[in-house]
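So the structure is just underneath, and the comments pick up after that.
The values are calculated or read from the model by the stated rules, or taken from the named source; none is laboratory data. These figures come from a predicted structure and were not determined experimentally. Don't worry about glycine lacking a Cβ; one is built from the backbone with ideal geometry, like all the others, and counts go over all protein chains shown. Side chains included, ligands, DNA and RNA excluded: accessible areas come from the protein's heavy atoms. Shrake-Rupley method; radii C 1.70, N 1.55, O 1.52, S 1.80 Å.
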Amino acid sequence: MPILEIKGLSKYFGGLSALNEINLTIQEGEIRGIIGPNGAGKTTLFNCINGIYPPEEGQVTFQGKNITGLKPYHVARLGLARTHQIVRPLNDLTVRENVTVGACFGREGLSLHEADSVADEVLDFVDLG
């Protein structure tokens, strides 16, 4: 079963089609990249996946559950979150401490010890351990 599946996702802003029947399947452990020029709809796609924008058409399924139109905090609690580009990380913290901060904000009720473990896991996954 795919971890993330997008079927027929469309989003319009007025008369402008930002996304037109997007289909995407991602298996667990798979890494995909979304590329395209400015204005191609990359950010809109992420915003529809994580609940910032409700799509006009289509469905987003995460771990077998339809998450289409859920609020971002509900989607994040299910384990799917996005990050925004931060031009400057928390400069007084190590890379591990920066990732730990992200883990603390990404999961409700996570203790600092648990967030440290999540940070270690993430850093190992991206070969920065």
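Worth a mention:
- Bridging of residue 42 to aspartates and glutamates at a Cα separation below 15 Å is possible for 21, once same-chain residues fewer than 8 apart are set aside.
- The accessible area of residue 113, taken with all protein chains in place and a 1.4 Å probe, comes to roughly 140 Å².
- Magnitude of the charge dipole for the chain, about its Cα centre and with charges confined to Cβ atoms of Lys, Arg (+1) and Asp, Glu (-1), is about 540 debye.
- Distant-in-sequence amide H partners of residue 22 (H built 1.01 Å from N, under 5 Å): 8, 9, 10
- Average accessible area per residue (Å²) across the chain - probe 1.4 Å, nucleic acids and ligands excluded: 70
- Matching label, semi-axes √(5λ) of the Cα gyration tensor in Å computed from the structure shown, candidates (i) 23, 15, 15; (ii) 29, 17, 14; (iii) 36, 16, 13: (ii)
- In order along the stretch 32-49, the phi-based Karplus estimate (6.51 cos²θ - 1.76 cosθ + 1.60, θ = phi - 60°) of 3J(HN,Hα) comes to 10, x, 10, 10, x, x, 3, x, 7, x, 4, 5, 4, 4, 4, 5, 6, 5 Hz; Gly and Pro are listed as x.
- Fraction of accessible area attributable to carbon and sulfur, the chain (%, probe 1.4 Å): 54
- Alpha-carbon centroids, the stretch 47-84 and the stretch 16-40: separation in whole Å: 14
- Computed from backbone phi, the HN-Hα couplings of the stretch 59-64 come to 9, 10, 10, 10, 6, x Hz, rounded to whole numbers (Karplus: 6.51 cos²θ - 1.76 cosθ + 1.60, θ = phi - 60°; Gly and Pro given as x).
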